[in-house]
Amino acid sequence: MSAMSTSPPPVLRDLLDRYADVREPPARLRPSTWQNALIRVPESLAAGVLLTGRRFTSAVPGSKTHDRTVSRDGVRRACAAMNVDDTREVLRTFVLTMAWASGLTGGRYQANTAKAILDPARAFRVLSDSAKALRHAGSLHDGALEEVHRWWSLPGVGQSYASRWWALAGHAPGRDWQPLTLDERVYATLNDTLRIGGTARLAGSRRRADRYRAYVETVHRWAVELQVAGVDVDAARIEFVLFHHNGGAPLT
């Protein structure tokens, strides 16, 4: 099967217009629930310390549960400031990333994050190596995206949440492409709204690593083609709109 060459589906431009005034809000997090979830993680790691710090998060005024918020930009800044060779910094930044990704959606995500770092040495290797590989990748076609996807292995953290780490910890300033998030909400819009026929069709392959790379490549290509057509958009904005729409009401 050969990879599909695709221009932006016409409905994508309609989606971008529909959500032109929608901006991604900060995620709300509850540090106390995270501290409870991380109780079995070695205390010396202080794995949840970034959740309560003022450097990357903000207090929610009047919150009786001492909730805080963190934005995508806050997580990106934390990832940029992270020493990828320091176990504690990497694990703390990962916890912040997962808190941003899950918000107040329930305890399963906190439990899965805790499970992922119960073996700190293993978690550090996976998280640090993936960040380094993606930051140093020079091209969408040098195999880094597929390689990281294939060897990624953290208990409880599959592609949906792993790709959030890849997108933020693997960000390389100034590069003309970046890793992107690919989760169930993005899939829903790709398949139910844009009707692309699935990421396997984009990749010309059923291998999940190939499909992830094809998705990243396709969204960046769509961004370039839309920019040429006069639309002020980049791949990150397309990713957000795909996520936000969540395969929702069809456009009429």
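The values are calculated or read from the model by the stated rules, or taken from the named source; none is laboratory data. Because the structure is predicted, anything quoted here is derived from the model rather than measured. Cβ atoms come from the backbone with ideal geometry, glycine included; neighbour counts cover every protein chain shown. Calculation scope for accessible area: heavy atoms of the full protein, side chains included, ligands and nucleic acids excluded. Shrake-Rupley method; radii C 1.70, N 1.55, O 1.52, S 1.80 Å.
Suppose we filter segment 210-252 for residues that are among the small types (Gly, Ala, Ser) and either closer than 14 Å to residue 191 by Cα or touching a Leu at 6+ places or on another chain (Cβ under 9 Å) (or both); how many remain?
6
Taking into account only those residues within segment 206-223 that are farther than 14 Å from residue 239 by Cβ and either part of a loop (DSSP other than H, G, I, E, B) or of a type in the set (S, T, N, Q) (or both), which is modelled with the highest pLDDT?
Here the residue is 207.
A quick yes/no check of all residues on (1) out of contact with any His (no Cβ under 8 Å at 6 or more places or on another chain); (2) farther than 25 Å from residue 208 by Cβ; (3) of a type outside the set (Phe, Trp, Tyr); (4) at pLDDT 95 or above:
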{"residue": "98", "(1), (2), (3), (4)": "yes, no, yes, yes"}
{"residue": "105", "(1), (2), (3), (4)": "yes, no, yes, no"}
{"residue": "110", "(1), (2), (3), (4)": "yes, yes, yes, no"}
{"residue": "117", "(1), (2), (3), (4)": "yes, no, yes, yes"}
{"residue": "135", "(1), (2), (3), (4)": "no, no, yes, yes"}
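Can you tell me which residues in segment 178-205 are assigned to a loop (DSSP other than H, G, I, E, B), hydrophobic (A, V, I, L, M, F, W, C) and in contact with a Ser or Thr (Cβ under 8 Å, 6 or more places away or on another chain)?
Answer for segment 178-205, where residues must be assigned to a loop (DSSP other than H, G, I, E, B), hydrophobic (A, V, I, L, M, F, W, C) and in contact with a Ser or Thr (Cβ under 8 Å, 6 or more places away or on another chain): 180, 182, 196.
Filter segment 109-140 down to residues that are farther than 25 Å from residue 31 by Cβ and hydroxyl-bearing (Ser, Thr, Tyr) and give me whichever is most open to solvent (accessible area, probe 1.4 Å).
If we take residues in segment 109-140 being farther than 25 Å from residue 31 by Cβ and hydroxyl-bearing (Ser, Thr, Tyr), then 139 is most open to solvent (accessible area, probe 1.4 Å).
Can you find a residue in segment 224-247 that is in a loop (DSSP other than H, G, I, E, B), free of Cβ contacts under 8 Å to residues at least 60 places away in the same chain and among the charged types (D, E, K, R)?
Yes, segment 224-247 contains a residue that is in a loop (DSSP other than H, G, I, E, B), free of Cβ contacts under 8 Å to residues at least 60 places away in the same chain and among the charged types (D, E, K, R).
Just checking, how many residues over segment 56-112 are among the hydrophobic types (A, V, I, L, M, F, W, C), farther than 13 Å from residue 34 by Cα and over 13 Å from the mean Cα position of the chain (by Cα)?
11
Which residue is most open to solvent (accessible area, probe 1.4 Å), if the candidates are limited to segment 43-83 and must be in a helix (DSSP H, G or I) and of a type in the set (Asp, Glu)?
For segment 43-83, the residue satisfying everything is 43.
Please state which of the following conditions residue 110 fails to meet, knowing it meets all the rest: (1) assigned to a helix (DSSP H, G or I); (2) within 16 Å of residue 171 (Cα to Cα).
Answer for residue 110: the failing condition is (2).
Hey, can you tell me all the residues within segment 191-211 that are of a type outside the set (Lys, Arg) and within 22 Å of residue 141 (Cα to Cα)?
196, 198, 199, 200, 202, 203, 204, 205, 209, 210
Mind listing whichever residues of segment 163-188 are more than 25 Å from residue 12 (Cα to Cα) and touching a His at 6+ places or on another chain (Cβ under 9 Å)?
Matches in segment 163-188: 172 only.
Which pairs have Cβ atoms under 7 Å, sit 6 or more apart or on different chains, and link a residue in segment 39-62 that is under 27 Å from residue 122 (Cα atoms) and touching a residue at least 40 places away in the same chain (Cβ under 8 Å) to one that is assigned to a loop (DSSP other than H, G, I, E, B) and hydroxyl-bearing (Ser, Thr, Tyr)?
Final answer for the pair search is 51/57.
Going through segment 12-34 one residue at a time, which ones are of a type in the set (Ser, Thr, Tyr) and either crowded, with 18+ Cβ neighbours inside 10 Å or within 10 Å of residue 104 (Cα to Cα) (or both)?
The answer is 33, and nothing else.
Yes or no: residue 132 part of a helix (DSSP H, G or I) and over 23 Å from residue 240 (Cα atoms)?
When the stated conditions are applied, residue 132 passes them.
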